[in-house]
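Structure first, commentary second.
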Amino acid sequence: MEYVSTRGSAPALDFEGVTLAGLASDGGLYVPREWPRFSESEIAALAGLPYAELAVQVMKPFVGDSLTEDRLRDLCQRSYGRFAHAAVTPLVQLDQRQWLLELFHGPTLAFKDVALQLLGRLFEEFLSRSDDHLTIVGATSGDTGSAAIDAVAGRERVDIFMLHPNGRVSDVQRRQMTTVLAPNVHNIAIEGTFDDAQAMVKRMFNDPGMTGRFHIGAVNSINWARLMAQVVYYFAAALQLGAPARKVAFSVPTGNFGDVFAGYVAAQMGLPIERLIVATNVNDILHRALSDGDYSAGTVTPTAAPSMDIQVSSNFERLLFDCGGRDGLALAEQMRSFEASKAMRLTNAQREGAAQLFTSARADAADMAQAMRWAHEECGEVIDPHTAIGLHAARAADLPADIPVVTLATAHPAKFRDAVERATGLRPHLPSRIGDLFQREEAYAELPGDYDAIAAYVAERATPTG
Ligand SMILES: *Cc1c(COP(=O)(O)O)cnc(C)c1O
């Protein structure tokens, strides 16, 4: 399988190449040259497989010659063996129509573990082949950071520098990052928002002073391998609910548009998805873009669902590319103008392409709290604020009555227990796999939101390539 950049001028790469690359050299994101497609009978044959084996079958066409099937199977078994639930991503029924897909049974309590446990192992595998060293630089609104750090802590040939917006992540999220004291883990709290942190990381990927000395890699969802691993659970849920004979809709609490784009990929592969509902909080750029074509970034409002407090959604570019006729050079122009003015209009092709599969909904704090209370009082399920935004959108969706709606439960409620307690009066317990998180020592640097300071910090501590 070959991968091409959304901006049309970076070299094509194979799976190993895109896994180790950050942004494409033209500033774009890598996508497969074409979508692999399963027939109805091939999809039917996937029903009932254990999760790790389903992962092998769904990911195999994307991995191509970069790994043998046995090697891929070994990595999947080790990655998904670390989950605290035998089903890995169990499906829970709420009422006759609504379902929750629990994606938080990994080591750090959010869906990010599903892809990052695998990505950490892919890095190790590919780096040992080329005898190289990788410097991972990432920005996190909370959950990517802890999942990525858990996935690479103590691994050979990898250093990780994780930027988080100082004071804007939950105490559980921060401690899950800052109490990992492995020598290859570097936490940096920067002044500013997640978007500021993400902009610094993007700039570093494009800074020849850094990329010339270090092999800089990505763990954010700009990394294709992450999206690929997330495609698997859409198959898992739909198969359980009767696919391919029956269509399913998904509601996805969305920030960087990575998780919901994985659903789009599943649909391109032939999985019969009726709708993908993009659920946002009041930081609603995606809701505006999908409902009236207005992609313009406002200022970020901090909410109880911090992993969705994002105005610029990196992976939206992948959708614009695929729906807009795959014209990389035109998209490069459109994105350059967006980066300059922080606003753009979607083209008609992009709007119509997106509208075939996507709808969107926006939930404010009251909608979120109400969805949390409904799940608790009517179904006995305690859900986190991100999941509650997804559930609000799922219940509001206008869909044929026979279509089951699966809300992706993206985080364990204990990860956001203050917000859960405010809405439901119930304080969720941290699961035992978190251990003595609040007794452990923390270590992190505090830096200003200044690119030069951050680049200097990384350069002093990273291992040069070659
Ligand atoms: C990362 C995250 C999201 C948003 O996912 P994207 O792929 O960035 O759209 C939603 N909920 C939780 C709990 C998250 O950690």
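Among the residues of the range 408-452, the one identified as in contact with a Pro (Cβ under 8 Å, 6 or more places away or on another chain) and over 19 Å from SER170 (Cα atoms) is LEU408. Examine the range 109-116 for a residue that is without any contact (Cβ under 8 Å) to a residue 60 or more places away in the chain and surrounded by fewer than 17 Cβ atoms within 10 Å (Cβ to Cβ), and state whether such a residue exists. Looking through the range 109-116, none of the residues is without any contact (Cβ under 8 Å) to a residue 60 or more places away in the chain and surrounded by fewer than 17 Cβ atoms within 10 Å (Cβ to Cβ). The strands (runs of 3 or more DSSP E) found wholly in the range 87-147 and carrying at least 3 residues that are closer than 29 Å to VAL300 by Cα and of a type in the set (A, V, I, L, M, F, W, C) occupy 134-139. Identify the residue in the range 1-54 that is in contact with a Lys or Arg (Cβ under 9 Å, 6 or more places away or on another chain) and closer than 18 Å to ALA236 by Cβ and, among all such residues, is surrounded by the most Cβ atoms within 10 Å (Cβ to Cβ). Only one residue fits best here, namely ALA52. Residues of the range 231-286 that are part of a strand (DSSP E or B) and touching a helix residue (DSSP H, G or I) at 6+ places or on another chain (Cβ under 9 Å): VAL248, ALA249, PHE250, SER251, VAL252, PRO253, ILE273, LEU276, ILE277, VAL278, ALA279, THR280.
For (1) within 19 Å of the chain's Cα centre (by Cα); (2) more than 19 Å from LEU408 (Cβ to Cβ); (3) buried (at least 24 other Cβ atoms within 10 Å of the Cβ), each residue gets a yes or a no:
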{"site": "PHE194", "(1), (2), (3)": "yes, yes, yes"}
{"site": "ALA197", "(1), (2), (3)": "yes, yes, yes"}
{"site": "ARG213", "(1), (2), (3)": "no, yes, no"}
{"site": "ALA218", "(1), (2), (3)": "yes, yes, yes"}
{"site": "SER221", "(1), (2), (3)": "yes, no, yes"}
{"site": "ALA238", "(1), (2), (3)": "no, no, yes"}
{"site": "ALA245", "(1), (2), (3)": "no, yes, no"}
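Of all residues assigned to the range 395-406, none qualifies as being within 16 Å of the ligand (Cβ to nearest atom) and not hydrophobic (A, V, I, L, M, F, W, C). The set of residues in the range 247-297 being farther than 25 Å from GLU102 by Cβ, of a type in the set (Ser, Thr, Tyr) and either crowded, with 19+ Cβ neighbours inside 10 Å or within 14 Å of the ligand (Cβ to nearest atom) (or both) consists of TYR295 alone. Which residue is nearest to the ligand (Cβ to nearest atom), if the candidates are limited to the range 376-394 and must be among the aliphatic types (A, V, I, L, M) and under 24 Å from LYS247 (Cβ atoms)? The qualifying residue nearest to the ligand (Cβ to nearest atom) is ILE389. Within the range 396-409, being open to solvent by 10 Å² or more (accessible area, probe 1.4 Å), within 22 Å of ALA243 (Cβ to Cβ) and of a type outside the set (Asp, Glu) holds for ALA397, LEU399, PRO400, ALA401, ILE403. ALA354 satisfies every condition listed in (1) surrounded by fewer than 24 Cβ atoms within 10 Å (Cβ to Cβ); (2) farther than 16 Å from LEU101 by Cα; (3) away from the ligand (no atom under 14 Å from the Cβ); (4) not β-branched (Val, Ile, Thr) except (1).
From ASN187, ASN166, grab the single residue that is within 30 Å of ASP418 (Cα to Cα), of a type in the set (S, T, N, Q) and buried (at least 20 other Cβ atoms within 10 Å of the Cβ). One residue alone meets the criteria, ASN187. In the range 242-270, the residues that are closer than 17 Å to MET228 by Cα reach residues that are more than 16 Å from the ligand (Cβ to nearest atom) and among the basic types (Lys, Arg) with C-beta atoms within less than 7 angstrom, at least six apart or across chains, in these pairs: MET269/ARG37; GLY270/ARG37. Listed by first and then second residue, the pairs linking a residue in the range 294-305 that is more than 26 Å from GLN334 (Cβ to Cβ) and in a loop (DSSP other than H, G, I, E, B) to a residue that is aromatic (Phe, Trp, Tyr) and within 15 Å of the ligand (Cβ to nearest atom), with Cβ atoms under 8 Å apart and 6 or more places separating them unless they lie on different chains, are ALA304/PHE416; ALA305/PHE416. LYS60 fulfils the conditions (1) open to solvent by less than 50 Å² (accessible area, probe 1.4 Å); (2) in a helix (DSSP H, G or I); (3) not polar (S, T, N, Q) except for a single criterion, (1). Considering each residue of the range 195-212 in turn, none proves to be assigned to a loop (DSSP other than H, G, I, E, B), touching an Asp or Glu at 6+ places or on another chain (Cβ under 9 Å) and under 23 Å from ASN283 (Cα atoms). Looking across the range 410-425 at every residue that is part of a loop (DSSP other than H, G, I, E, B) and surrounded by 13 or more Cβ atoms within 10 Å (Cβ to Cβ), the one that is nearest to the chain's Cα centre (by Cα) is identified as THR410. Of all the listed residues (ARG168, ARG78, ARG155, ARG97), the sole one being away from the ligand (no atom under 13 Å from the Cβ), touching a residue at least 40 places away in the same chain (Cβ under 8 Å), among the basic types (Lys, Arg) and closer than 30 Å to ARG203 by Cβ is ARG168.
The values are calculated or read from the model by the stated rules, or taken from the named source; none is laboratory data. Note that the coordinates shown come from a computational prediction; the quantities given were computed from them, not determined experimentally. Please note: Cβ atoms are built from the backbone with ideal geometry, for glycine as well, and neighbour counts cover all protein chains shown. Each accessible area value is taken on the protein alone, full model and side chains, heavy atoms only, with ligands, DNA and RNA left out. Shrake-Rupley method; radii C 1.70, N 1.55, O 1.52, S 1.80 Å.
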